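One structure below.
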Amino acid sequence: MNAMYMFIEAEKTTHGVAFLCRLLKVARSSFYARLAAAKARAARKAADQDLVHEISVVHVASRHTYGVPRIHAELPWTAGDPTGGRGRYLLRHGSAQVR
């Protein structure tokens, strides 16, 4: 199913999206929804990479002694994420390896 959307994306400049969706029997709204979701995933990934960088900076500045609770308290991203769920997940499972 993903190949159809990739084909539509590649050929939409040559043929119209509506024509390609009719040809492949795919709803136009699902094509645009998938396109929007891909952009949202890319933005989230970029934000996560920035956050991992901030986490690494704090971790190195603490000479690798700060763990998850201290780094969580140190970073200002808790204002946008009061529970710190995303940051805590990245601290534990991201590329920033913290104790």
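The values are calculated or read from the model by the stated rules, or taken from the named source; none is laboratory data. All of these numbers come straight from a predicted model, not from anything done at the bench. For neighbour counting, all protein chains shown are included, and Cβ atoms are generated from backbone atoms with ideal geometry for every residue, glycine included.
In table form, for the structure just shown:
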item: Long-range neighbours under 9 Å by Cβ, at least six apart or interchain, first residue on the phi > 0 side of the Ramachandran plot within the range 49-76, second of a type outside the set (Gly, Ala, Ser); result: HIS64/VAL98; HIS64/ARG99
item: The range 1-50, residues that are of a type in the set (Asp, Glu) and loosely packed, with under 13 Cβ neighbours inside 10 Å; result: ASP50
item: Pick from the range 1-22, criterion over 23 Å from the mean Cα position of the chain (by Cα) and of a type in the set (Ser, Thr, Tyr), ranking: farthest from ALA33 (Cα to Cα); result: THR14
item: The range 58-89, subset among the aromatic types (Phe, Trp, Tyr) and under 14 Å from ALA47 (Cα atoms), residue modelled with the lowest pLDDT; result: TRP77
item: Selected residue (criterion: farthest from the chain's Cα centre (by Cα)) from residues of the range 90-99 that are modelled with pLDDT under 65 and under 17 Å from GLN49 (Cβ atoms); result: VAL98
